[in-house]
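Taking it in order: structure first as structure tokens, then the write-up.
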Amino acid sequence: MLVLAMVARGGAVLVESHEPEQERFVSAATAILAKIDPVAAPRLSYAYEQWLFHYMADDDGLVYLVVADAAMGRRIPFAFLSEVKKAYHATPGAPAAFQAPLDALRRECQAHPDADPIQRAQAELGNVKDVITRNVEQILIWRSGAAP
């Protein structure tokens, strides 16, 4: 679950996206933004309880930050941040014109938690493994002469 997304420069938030009930994350994210050294660590995650604050910085001095449930891991949030970065640079008039695209990106990721192709492939492999296991068990039962 992505609860907050923001774009900042020099610790100042340019645009943010979150649901009203997630307002509590804004002050924590702002405090983290103030401590970021984009040159020393252009990509990093901070943990707080069950939440991870992920950020990536670019060469233009922009910092893209997302707060996600720790259960999401790192791959999906950083893929989301890459999409935010790409969309931000493609939006004329950003940051003022970027509020709606940022909201849409965050909601799209929320609506499709299975969007991670690696997790989807792992789930499909798990299903194939289950089918193969059942088939092998049935063959062994058949060969032993017992009825299934």
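Ignoring everything except DSSP H segments at least 4 long, calculate the 222 nm mean residue ellipticity for the chain; use -39,500 (n - 2.57) per segment, divide by total residues, nearest 500. Please report the intermediate quantities before stating the final value.
Numbers: 4 runs with 68 residues, N = 148.
Calculated from helices alone, the mean residue ellipticity at 222 nm is -15500 deg cm²/dmol.
Taking percent of Cα pairs over 28 Å apart as the quantity of interest, determine which of (1) 32; (2) 21; (3) 14 was computed from the displayed structure.
Evaluating percent of Cα pairs over 28 Å apart on these atoms matches (1).
Which of rounded, prolate, oblate describes the stretch 1-54, given a ≥ b ≥ c as roots of the alpha-carbon gyration tensor eigenvalues and a/c under 1.5 marking rounded, otherwise prolate only if a/b is larger than b/c?
Working: a/c = 2.05, a/b = 1.34, b/c = 1.54.
Verdict is oblate for the stretch 1-54.
Gaussian network model of the chain, Cα springs within a sub-10 Å range: biggest mean-square fluctuation belongs to which of PRO95, PRO20, PRO77?
PRO20
In a Gaussian network model over the chain where Cα atoms closer than 10 Å are linked, find which of ALA29, ALA121, ALA41 has the largest mean-square fluctuation.
Comparing ALA29, ALA121, ALA41 in the GNM, the peak value goes to ALA121.
Could you name the lysines whose alpha carbon sits less than 28 Å from that of LYS35, not counting residues in the same chain fewer than 8 places away?
LYS85, LYS86
What residue among GLU49, GLU137, GLU19 shows peak mean-square fluctuation when the chain is described by a Gaussian network model with Cα springs under 10 Å?
Largest GNM mean-square fluctuation: GLU137.
Report the relative contact order of the chain, percent, no decimals, based on alpha-carbon pairs under 8 angstrom and at least 6 residues apart.
Relative CO of the chain lands at 22 percent.
Highest mean first, what order results for 50-56, 130-136 on Cβ atoms within 10 Å? Can you show the working numbers first?
Details: 50-56: 18.7, 130-136: 9.9.
In decreasing order of mean packing, 50-56, 130-136 become 50-56, 130-136.
Read-outs throughout are calculated quantities, based only on the coordinates presented, and are distinct from any laboratory measurement. In this text the structure is predicted, and so the values were computed from the model without any measurement. Every residue, glycine as well, gets a Cβ built from its backbone with ideal geometry; the counts of neighbours run over all protein chains shown.
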